[in-house]
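Read-outs: derived from the displayed coordinates by stated rules, not from any lab. All values derive from a computational prediction rather than experimental measurement. Here Cβ is always computed from backbone atoms with ideal geometry, including for glycine, and neighbour counts include all displayed protein chains.
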Amino acid sequence: MRHGKKINHLGRKSAHRKAMLANMANSLIEHKRINTTVAKAKALKLFVEPLITKSKTDSTHNRRIVFSYLKNKNAVTELFREVAAKVGDRPGGYTRIIKTGTRLGDNAEMCMIELVDFNEIYTSAKKEATKSKRRRRGSSGKTQKEETPAVEAATEEVVEETPAVEEAPKAEAPEAPAEESNEEEKKGE
C-alpha cells in the first residue's frame, strides 16, 4: 500500500523518472507550455515548483541547486532571468494544468501544463473581470428603476450628455462636403 507516499513512480525506475522529469521541466521552462498526460503533469508540478521558488532569489548557491536538478545551463539561465522576473510577487502556484481530453491510441488522460504568468489570455481576462462589477437583483421582481431612483437620475444625465457630444462633430462633417459640392456646381454653371 502507498499510504502517505506523495511521489508517483510513473512505472519507471528512479533514474529514468528523474531524467524524464528534468527533461520535461527543461521543456516547460523553454516553451512555457507542454502537452503531456495528467499523471506526468502532476509529478512535474511537484518537481518544478520548488525550483521556481528557488529562482526568486538569484544566488550562486540557488543556481547550483537548480542546475543539479535540471542539468541544462540554458534552462537555468532562462529560469533565473525571465521566469523569476514574472513570478517574483506570486507566493506559489506557478503552474496550471488544463485537461484536454483523452489520447486516441490508449485513451490516456491528456492535459496541457503551463506557467501561469506567461499566458496572456488568462492574465488579461482576469484584469478585465475585476474591472466590471455585477450586482445581484432581489427575487421580488422589481426593476432597477423602482429600486434606485438616485441611480436612475444619474444614468439619465450621462445618457443625455453623451449623444450631445457625439452629435456635434457629426453635424459639422456633412456641412463641409456639402459646401464644396455647391461651389463645384457654381463653377460648372
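Structure values in brief
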read-out	value
Length added when fully stretched, LEU46-THR77, from 0.36 nm per residue minus Cα-Cα	9.1 nm
Förster radius 30 Å - calculated FRET efficiency between ALA15 and ASN119 (Cβ-Cβ, nearest 0.05)	0.35
Residues in segment 34-58 reached by a label modelled at MET1 [backbone nitrogen below 15 Å; 7 Å Cα→Cβ]	none
